[in-house]
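A short worksheet on the structure shown next.
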Amino acid sequence: MSDVVYAPAEVRRARYAVAAVFAVHGAVTGSFATRVPWIQDHASVSAGQLGLALAFPALGASVAMPLAGSVSHRFGARNALRGLITLWTLALVLPSLAPNLLTLCLALFVYGATAGMADVAMNALGVEVENRLGRSIMSGLHGMWSAGALIGSAAGTLAAHLGSDARLHHALASVTLTLLGLFFCRWVLDLQATEDEEPPPRFALPPKSALLIGAVGFCAVFAEGASLDWSAVYLRDQLETSAGLAAACTTGFTFTMAVARLVGDRIVDRFGSVRTVRASGVMAVLGGLLIVVANHPAVAMGGFALMGLGIAVVVPLCFAAAGRSGPNPSLAIAGVATITYTSGLIAPSAIGTLAQATSLVVSFVLVTVLAGGLVAFAGVLRAGDRDRPKVSPAAAAVPDRRP
């Protein structure tokens, strides 16, 4: 990127700006997740068909994510983020307009593609700010994403409780979030590629060092995707709750994830990555057990909340460990991202397919077993406990010039 020198105040302002963009991104997801039951009814699809459709966002993201680096290289980081976050917020309206399975799959593919590209752009800018500050902020940024998802899901809960049409709800949310995203993008770092800088590679296979780390991320993202997309359906179909209470379950899940991520950096600094993930895995397993044995909505909601608390910080720690696991941090991080997005691709359809063949209870038994993998394999994240390089205040104001 360009050799522009940024004052410390500009870097701090950019941190808050990119945090706000994370929140906008999360609010789109929260707005969508709480209205999945409405979208399912509107499109007249079964649980198995819904599971198939819910695989398309992750598929779209996996296909489109490699393009984000090229977009940023060509247009600059600020303009790229401005354009990509706008595409993402506008894509929110598409799923609720779909009248059948085919159009729902197409809408969710576009929804996921725009989500993935915006996700890569904002995370890249978050890493740039972190490099300049010289301290960890990524867990906090992901906490802001969860806070945004909480706000979006809370609004969705209210809309569902009032019985509003999701098309109107998502249209209003889309306009609001688009304006907020454009507003906050004004203050993110305006990084430009230098003339001699080659475009980033579009595809990268995961290196061996990333496979085990990615496996831990796989377990966490599977549980996250299953809970986010299926918690409302679980309460509605399995425990026969109202649409408003079912949507509130998703809100509780996103709330505990938001809280855990916002305080995650301090916990990791005190206890280390391995112990944090092991304890998180225990909480996630307990949450899964509550879900599968629940005979009352409150028990299931408590289980989903505990699941969110348990898996919240795992993915940020996987990226930290990947960045310290070998001679090529960027390639390792890209490999972990590929594995975790594969989990996001598999989870919704796997839950739906298994639910169609058996029941949603059995599906969440699988989620609980995978959550146990966090306890069993947390040791592979030991690289994330290595000391972070110290950055002086002067160096923190200078853009990172590494390839």
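No value in this document is a laboratory result; all are computed from the given coordinates. Computed from a predicted model, the values in this text were never measured in an experiment. For neighbour counting, all protein chains shown are included, and Cβ atoms are generated from backbone atoms with ideal geometry for every residue, glycine included.
Ratio of the stretch 203-386's C-alpha Rg to 2.2 N^0.38 Å, to two decimals?
This ratio for the stretch 203-386 stands at 1.02.
If only Cα atoms are counted, what is the Rg of the stretch 7-191, and what is its Dmax, in Å?
Cα-based Rg and Dmax for the stretch 7-191 come out at 16.6, 55 Å.
Over the Cα atoms, compute the radius of gyration (one decimal) and Dmax (the largest Cα-Cα distance, rounded to a whole number) for the chain, in Å.
Rg then Dmax for the chain, in Å: 20.0, 63.
Within 10 Å of each residue's Cβ, count the other Cβ atoms and sort Tyr6, Tyr234 from fewest upward.
Starting with the residue having the fewest Cβ neighbours, the order is Tyr6, Tyr234.
Would you list Glu10, Glu240, Glu130 from fewest to most Cβ contacts within 10 Å?
Working: Glu10 16, Glu240 9, Glu130 22.
With the fewest neighbours first, Glu10, Glu240, Glu130 line up as Glu240, Glu10, Glu130.
At what distance in angstrom do the alpha carbon centres of the stretch 93-132 and the stretch 8-86 lie from each other?
3
On the Cα set of the stretch 97-241, report Rg and Dmax in Å, please.
In Å, with Rg to one decimal and Dmax whole: 19.0, 61.
On a 0 to 90 degree scale, rounded to 10, what angle separates helix 56-75 from the longest Cα axis of the chain?
With rounding to tens, the tilt is 20 degrees.
Once you place label points 7 Å from the Cα toward the Cβ at Leu211 and Ala298, how far apart are they in nm?
Here the answer is 4.8 nm between the modelled labels.
Rounded to two decimals, what ratio of Rg to Rh does the stretch 46-114 give with C-alpha atoms and a Kirkwood Rh?
So for the stretch 46-114, dividing Rg by the Kirkwood Rh gives 1.07.
Hey, fewest Cβ within 10 Å first, where do Val314, Val380 land in order?
Least crowded to most crowded, the residues run Val380, Val314.
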